[in-house]
Amino acid sequence: MKHTPRFIQRHHSNALQIRAELLQGLHAPIAHTSPKYLYDELGSKLFEAITCIPEYYPTRVEASIFRAQADALAKLVPKQASLIDLGAGNCQKAANLFAVFEPARYVAVDISVEFLRGALECLQRQFPDMDMVGVGLDFSEHLQLPDALGLHPNDPRVLFYPGSSIGNFTPNEALAFLKQVHACCAVNPEGGLLIGVDLVKDARVLQAAYDDELGVTAAFNRNLLLHLNTLIGSNFKLADWAHVGLYNTELNRIEMHLEAVRDVVVTWPEGSRHFAAGERIHTENSYKWTIDAFTALLHDAGFGQATVLTDPQHQFAVCWAPV
């Protein structure tokens, strides 16, 4: 039977709520924004470019693990499952694994179904017999799959969260999120989570990955200012701000900041803030994990014994965590 993809939009942006959240962060003693605001249309394209630069190893290394460990993954992950792709983007990572997992259904989850539409329609032509659904959902706030998906409790669920995006959560946030993931896939005892995790390594390698010589990551980070201007009507000027990417060894995390290169007053309707030269806006964290610490986190979230697959240099890990 030939299928056409279905689309379910559950997230609806609220301009007033977004504005309130951003202004609260900008008024904080240490100004900050959520990393999700890095990904407007241009930001998403710049991130795709980041994955191609020599210094940014995670995308390449994770893909190499999937290729090298395809046979092992085929034995771990249940066949004919519902493959639920969190933060699906262009859906390519999951599509590359269809031959390995043989899913009965593919559910692509991202904040906007319009962002997913073209990718899913293209995928459907390649896999006409597979049921495909795009779900517009901001799972960073709360992960609850809509009943309209029609997922049957007898069908195993494989939740797929590649790319080390779990690193954007603090450890406490990551635990809360993984508990929600476990609840989603524990409906069937064959289900589980396949997740990518960036590992602790030499600080020089980490810093280079987030502050590349070509300046693509800097452009990605500074583009946030243009997005803020659109969202809150501010007057950020790119020339006033520099990208800072650094590795915090105490917290095992990469931090991205925007640093004022001179004293500047940023204004927006009914408000403003003075930033002194050297003052920063904290835009993103990317926590790095040891294998022992991350498998312990999965256990605390309710998962069973995890299987961990790494590259030969142990830069990155792919974990299968059964329910």
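Taking the range 211-233 and a reference point 7 angstrom along Cα→Cβ of residue 20, no backbone N atom is nearer than 15 Å. Taking a straight Cα-Cα cut-off under 18 Å and skipping sequence neighbours fewer than 8 places away in the same chain, the aspartates and glutamates within cross-link reach of residue 93 are 48, 62, 71, 85, 102, 110, 121, 131, 198, 311.
When the chain is fully extended, how far beyond the present Cα-Cα distance does residue 313 get from residue 175, taking 0.36 nm per residue of separation?
Numbers: separation 138, 0.36 × 138 = 49.68 nm, distance 2.68 nm.
Length difference between fully extended and current span is 47.0 nm.
Taking K and R as +1 and D and E as -1, what net charge do the other residues with C-beta under 14 Å from the C-beta of residue 231 add up to? Spelling it out: positives minus negatives among the neighbours equals -1.
Of all the stretches in the chain, which is the longest one without any exposed loop site, taking trypsin sites (Lys or Arg not before Pro) in a DSSP loop (any state but H, G, I, E, B) with at most 16 other Cβ atoms within 10 Å? Present the calculation step by step, with values, prior to reporting the outcome.
Working: sites that count: 2, 10, 79, 201, 237, 262.
The longest such stretch corresponds to 80-200.
Straightening the chain between residue 300 and residue 72 buys 79.6 nm, computed as 0.36 nm per residue apart minus the Cα-Cα spacing. What whole number of Å gives the distance from the Cα centroid of the range 38-81 to the Cα centroid of the range 236-253? What the calculation gives is 24 Å, centre to centre. You can think of it this way: the chain between residue 9 and residue 230 has 77.2 nm of extra reach, that is 0.36 nm per residue less the Cα-Cα gap.
For every other residue with a beta carbon closer than 11 angstrom to the beta carbon of residue 313, add +1 if it is Lys or Arg and -1 if Asp or Glu, then tell me the sum. If you can, show how the numbers build up before the last one.
Working: positive: 201; negative: 202, 311.
For residues surrounding residue 313, the net value is -1.
Other residues with beta-carbon under 13 Å from the beta-carbon of residue 141 carry, at +1 per Lys or Arg and -1 per Asp or Glu, a net charge of -1. With R₀ fixed at 22 Å, the C-beta to C-beta distance from residue 202 to residue 60 puts the FRET efficiency at about 0.85. Placing a label point 7 Å from the Cα of residue 272 along the Cα-to-Cβ line, the residues of the range 228-254 whose backbone N sits under 13 Å from it are 235-236.
The label point for residue 52 and the one for residue 141, both projected 7 Å from the Cα toward the Cβ, are 3.4 nm apart.
Name the shape class, rounded, prolate or oblate, that the alpha-carbon gyration tensor gives for the range 39-146, where a ≥ b ≥ c are the square roots of its eigenvalues, rounded holds for a/c under 1.5, and otherwise prolate holds if a/b is larger than b/c and oblate otherwise.
Oblate.
Cross-link partners for residue 288 among the lysines, with Cα-Cα distance under 17 Å and sequence neighbours closer than 8 places in the same chain left out: 201.
Read-outs: derived from the displayed coordinates by stated rules, not from any lab. All figures in this text were calculated on a predicted structure; none of them were measured in a lab. Here the Cβ is made from the backbone with ideal geometry for all residues, glycine too, and neighbour counts use every protein chain on show.
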